[in-house]
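A.B. asks: Take a look at this one; I'll ask things after.
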Number of protein chains: 2
Amino acid sequence: MRTMLDASRVRNPELFAKIVTPDKASEIILDGMNVGVSGFTPSGYPKKVTTALAEAISKGKQCRINLWTGASVGPEIEENLGVVNGIKSRMPYYAASNKSLKEGINSRRVDYIDQHLSHFAQQIDYGFYGNVDVAIIEVAAITKEGNLVLGSGVGNTPMLVKHAKHIIVEVNTTIPLSMEGMHDIYLCAKPPYRREIPIYHVGDRIGSPYVECGLDRIEYIVESDILDHVRTLTPPKPCQVKIAENLIDLLEHEQKMGRLPQDKLLPLQSGVGSIANAVLLGLDKSRFENLEMYSEILQDAVFTLIKNGKIAKASGCAFTPSSYVWKTYAENPDLYNKRIVLRPLDISNHPEVIRRLGVIALNTPIEFDIYGQANSSHIMGSSMMNGIGGSGDYMRNGYLTVFSTESTAKGGSISRIVPMVTHCDHTEHDTHVFITEQGIADIRGLAPTDRAKLIIEKCAHPDYRPMLLEYLRYVETHIKGHEPQDLQKVFNMAIRFQATGTMKLID
Amino acid sequence: MRTMLDASRVRNPELFAKIVTPDKASEIILDGMNVGVSGFTPSGYPKKVTTALAEAISKGKQCRINLWTGASVGPEIEENLGVVNGIKSRMPYYAASNKSLKEGINSRRVDYIDQHLSHFAQQIDYGFYGNVDVAIIEVAAITKEGNLVLGSGVGNTPMLVKHAKHIIVEVNTTIPLSMEGMHDIYLCAKPPYRREIPIYHVGDRIGSPYVECGLDRIEYIVESDILDHVRTLTPPKPCQVKIAENLIDLLEHEQKMGRLPQDKLLPLQSGVGSIANAVLLGLDKSRFENLEMYSEILQDAVFTLIKNGKIAKASGCAFTPSSYVWKTYAENPDLYNKRIVLRPLDISNHPEVIRRLGVIALNTPIEFDIYGQANSSHIMGSSMMNGIGGSGDYMRNGYLTVFSTESTAKGGSISRIVPMVTHCDHTEHDTHVFITEQGIADIRGLAPTDRAKLIIEKCAHPDYRPMLLEYLRYVETHIKGHEPQDLQKVFNMAIRFQATGTMKLID
């Protein structure tokens, strides 16, 4: 077949015979198969074969697959397969970025199994979910030995490759070859033979720069030149800037009180989205130096902070391949290659490493309650917005764990602070501090009703404080118990929103 | 002072000058102090000084302390200080074993802060809760160097000793000196200097047999001969035996399916109580050999299984010092010394080790819901029965995680399977299998409504299946969403129980 691929991308001449069209490659994917794809968020995911499969389905091929990913992926998978009803089930993550898949999940046409992201790879390894029938892996290049040089997202790729019966490789010529060496691929052995993960500093390298695969196991090669379909982050809003300022105040205070090391901060984890970006941009202006990140995904701001000399080392399982990031990277690839390590998802999110390094975990919930439980996934208790992702991995195991969010949503008609979360992803035992634009509630060492008073006072929006205080006063006087809740009234705010479109009382 | 202590218990002659009465020692405990005590459950806790303190309070001393423990302790602390209102706050665990303290916590007179047990020691180390003003430590002996030989419970003792400003040692002459060497005391360094915990097999020893203290830091020594006040386990009921049988079926099935190693089982963790004991006694009759335990507390049955040659190695932070256990131990101390390792609580429960060893986690919830969330702590959402303890440490990090319980409580008037737990300690992402006397629900890889069908069918009591199925049918047809819940109806079973004394519909 004619190809644009050359020896820089496909380094063993034997492999050229395996280059096929996406259509041809997609033919091995059959109804009911477990199909694993590379990448993490719209970063490093394959695009050609799934598009071809979707076309075949639209022309009559009977095929619904079980889609195994790192996290959310891009429209060439979710949208294209979503509209033709080609996805039967989905693990371990989904984000509300795609309408047809979201509709499929919330109408329960698509089975979605939400998981802690550190769990999925090992559970594939344990055989909990059956075989990986096909793995489709996007790469920058294939080495002479048939090993895979990845791009901006690692995700669960190494484990998917380990177990795949059929492997299709999409070689994407837009991925800079200079990235080679940025990855650190390490597979944990299964118990009872597992050893420690020997990461003691954010930048430690413990594995191989390639995903080991081998010439024989590569069944098809497809060429690609489609860029990752990155969602643009909106610039921080004033109240997000305020949240970032509150967070930096907290970190400075903790250092002053001797509860954080004095010379430099512990490594930071930062969730996805605009607030996370605002926090990093806030740190850029702070007095903290030599910052380190041990995180899941490295967003745009990480590149800004590396460029500005603020971030010394950053570890993640992917970076966001936005046009800004690629432009910044291209200006000085060596700088970023030295500063960044990309790891498998189960290593970036591993309890062992997070706890050992003492990661400061910063995440954003959908809502949290007066006693300190948090909801990361379900709107009004039922409707999936996005999965729990890695938030549980970091919030359970971090040195200091912070949930930050705006105090309201939907133009003020929803209070993100409620008497009881309508879905619980994080228990009261997992969060130390809550931050909104209103202030900081440090609930460490406080009994439930003291936590409630502080959270309402410091974090709730003034519009909702009286309502929340009234609930607290009611249960304190009418309900016996360590953490008093009135099961008949506890969801009244959510029920009111469902009935009237606002949690506010209408006179 | 005249003393029964001799050089076998107090091995440095200088120390004899520090022997005082409990009254004298208790004088250093002042109002508002943080007081740490040794032990874990009623195992290895001090008895004399707290009793003396309670007496002083009853005679007019103004003193309410912040009590820091391993877990629940015995009546010499909880009952004696509880009735004189001597406990201001309590971390990190409490169990419903003591009436006055339970009443104090549920009336919110006592501030109780419930925590994951693997978290507390490191958070003391991080300075989150202030100083350890006084530590009271029960020991078998004090070495020539002033180091402490513990008894049957380690708990958080090493961290409490590390940080204590004042140390009182209770030397208990009933603890067999032959236990010396059973302990393996290891303190994790603080980030950024922390290394791996080098445990690769259940029996690995990585630390010292003593808690390092030093002669100078021991302020007072008090002698004691009071046995630990152990709560008697009831023999397994028929439905608990059935649960144990179901569990063994599960383990055999997993091995057969190749999802567990073939040659021997992975290490077991087993929670506290009668079901846990039934499970172990069930294993005694099973075909499994060379069992290993990596658990929190080692109950009576562990000694039976070691005696019978079924358990090869057992690691915990304490064992239950019942009269049966002491008698069994005394028959052959060398056997148990070789088989058992007692570790600090943050090591017995450490995510790093639990995940590395691939522990099979077996715990008992108060209730669980159709979607897989579990409540370990609060009755009807408000009233504390017992803390989350180590269940979160094991259920989040285990290789295979199982919640087992009877399907009903209170003579059938409560279904332990409900539409939504009234308090969530374990999210749907943390449990693989639920077991009741009715059957086994393996929910791995199932979407929420499929989980619900299976849990209702396999685990719910027949009396409650129609009610639960009706709820599920209702939300499936009326509520849009990945995990449909009707916030107006979701707690109806609990509300009905509160109103009528039963969850059953009365005709």
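A.B. asks: All but one of (1) in contact with a Gly (Cβ under 7 Å, 6 or more places away or on another chain); (2) of a type in the set (Val, Ile, Thr); (3) under 23 Å from B:Gly390 (Cα atoms) hold for B:Ile65, so report the exception by its number.
C.D. replies: (3)
A.B. asks: Identify, please: which residue in the range A:437-477 is of a type in the set (A, V, I, L, M, F, W, C), assigned to a helix (DSSP H, G or I) and farther than 25 Å from B:Val110 by Cα and is, among those, nearest to the other protein chains (Cβ to nearest Cβ)?
C.D. replies: A:Met467
A.B. asks: From A:Gly309, A:Gly316, which residue is on the phi > 0 side of the Ramachandran plot, at pLDDT 95 or above and out of contact with any Lys or Arg (no Cβ under 7 Å at 6 or more places or on another chain)?
C.D. replies: Just one listed residue meets the conditions, A:Gly309.
A.B. asks: Restricting attention to the range A:344-366, which residues are outside any loop (DSSP other than H, G, I, E, B) and more than 18 Å from the chain's Cα centre (by Cα)?
C.D. replies: A:Glu352, A:Arg355, A:Arg356, A:Leu357 - these are the residues of the range A:344-366 that are outside any loop (DSSP other than H, G, I, E, B) and more than 18 Å from the chain's Cα centre (by Cα).
Results for (1) of a type in the set (A, V, I, L, M); (2) within 21 Å of B:Ser404 (Cα to Cα); (3) assigned to a strand (DSSP E or B), shown as yes or no for each residue.
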| site | (1), (2), (3) |
| --- | --- |
| B:Val230 | yes, no, no |
| B:Thr234 | no, yes, no |
| B:Cys239 | no, yes, no |
| B:Lys242 | no, yes, no |
| B:Glu245 | no, yes, no |
| B:Ile248 | yes, yes, no |
| B:Asp263 | no, no, no |
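A.B. asks: What tally of residues in the range B:126-142 results from selecting those that are touching an Asp or Glu at 6+ places or on another chain (Cβ under 9 Å) and closer than 26 Å to B:Ile197 by Cβ?
C.D. replies: Final tally of qualifying residues: 4.
A.B. asks: Let me ask something else about it. Are any of the residues in the range A:384-396 at pLDDT 95 or above, more than 10 Å from chain B (Cβ to nearest Cβ) and assigned to a strand (DSSP E or B)?
C.D. replies: Checked against the condition, which is being at pLDDT 95 or above, more than 10 Å from chain B (Cβ to nearest Cβ) and assigned to a strand (DSSP E or B), the range A:384-396 yields no hits at all.
A.B. asks: Among B:Gly74, B:Gly104, which is the only one that is among the small types (Gly, Ala, Ser) and either over 30 Å from B:Leu215 (Cβ atoms) or at pLDDT 95 or above (or both)?
C.D. replies: B:Gly104
A.B. asks: Here's a follow-up. Just to check your reading of the model, which residue among B:Val325, B:Val302, B:Val341, B:Val272 is in a helix (DSSP H, G or I), out of contact with any helix residue (DSSP H, G or I) (no Cβ under 6 Å at 6 or more places or on another chain), within 29 Å of B:Leu150 (Cα to Cα) and not charged (D, E, K, R)?
C.D. replies: Of the residues listed, the single one that is in a helix (DSSP H, G or I), out of contact with any helix residue (DSSP H, G or I) (no Cβ under 6 Å at 6 or more places or on another chain), within 29 Å of B:Leu150 (Cα to Cα) and not charged (D, E, K, R) is B:Val302.
A.B. asks: If I filter the range A:478-507 down to residues being facing another protein chain (nearest Cβ under 7 Å) and touching a residue at least 60 places away in the same chain (Cβ under 8 Å), which single residue comes out as surrounded by the most Cβ atoms within 10 Å (Cβ to Cβ)?
C.D. replies: Ranking the candidates gives A:Glu483 first.
A.B. asks: Please state which one of B:Leu281, B:Leu305, B:Leu298 is within 28 Å of B:Ala95 (Cα to Cα), in contact (Cβ under 8 Å) with a residue 24 or more places away in the chain and in contact with a Phe, Trp or Tyr (Cβ under 9 Å, 6 or more places away or on another chain).
C.D. replies: Unique residue meeting the criteria: B:Leu298.
A.B. asks: Select, from A:Arg217, A:Arg205, A:Arg231, the only residue that is surrounded by fewer than 19 Cβ atoms within 10 Å (Cβ to Cβ), at negative phi, away from chain B (no Cβ under 14 Å) and at pLDDT below 95.
C.D. replies: A:Arg231
A.B. asks: Now, a different point. Could you tell me whether B:Pro236 is within 14 Å of another protein chain (Cβ to nearest Cβ) and over 24 Å from B:Leu342 (Cβ atoms)?
C.D. replies: In short, no.
A.B. asks: Could you list all residues from the range A:141-171 that are buried (at least 24 other Cβ atoms within 10 Å of the Cβ) and not in a strand (DSSP E or B)?
C.D. replies: A:Leu150, A:Gly151, A:Ser152, A:Val154, A:Asn156, A:Thr157, A:Pro158, A:Met159, A:Leu160, A:Val161
A.B. asks: Among the numbered criteria (1) under 30 Å from A:Pro198 (Cβ atoms); (2) among the β-branched types (Val, Ile, Thr); (3) not in a loop (DSSP other than H, G, I, E, B), which single criterion is violated by B:Val202?
C.D. replies: (3)
A.B. asks: Here is a list of conditions, (1) at pLDDT below 95; (2) within 19 Å of B:Asn131 (Cβ to Cβ), and B:Arg64 meets all of them except one; can you say which number that is?
C.D. replies: (1)
A.B. asks: Scan B:Leu15, B:Leu81 and give me the residue that is over 19 Å from B:Ile124 (Cα atoms) and out of contact with any Ser or Thr (no Cβ under 8 Å at 6 or more places or on another chain).
C.D. replies: Selected residue: B:Leu15, the only one of B:Leu15, B:Leu81 that is over 19 Å from B:Ile124 (Cα atoms) and out of contact with any Ser or Thr (no Cβ under 8 Å at 6 or more places or on another chain).
A.B. asks: Can you tell me which residue among B:Ile199, B:Ile137, B:Ile124 is more than 25 Å from B:Ala314 (Cα to Cα) and surrounded by 22 or more Cβ atoms within 10 Å (Cβ to Cβ)?
C.D. replies: Being more than 25 Å from B:Ala314 (Cα to Cα) and surrounded by 22 or more Cβ atoms within 10 Å (Cβ to Cβ) holds for just one of B:Ile199, B:Ile137, B:Ile124, which is B:Ile124.
The values are calculated or read from the model by the stated rules, or taken from the named source; none is laboratory data. Just so we're clear, the structure is a prediction, and the values are computed from it rather than from any experiment. Quick reminder, even Gly has a Cβ in these numbers, built from the backbone with ideal geometry, and neighbours come from all protein chains shown.
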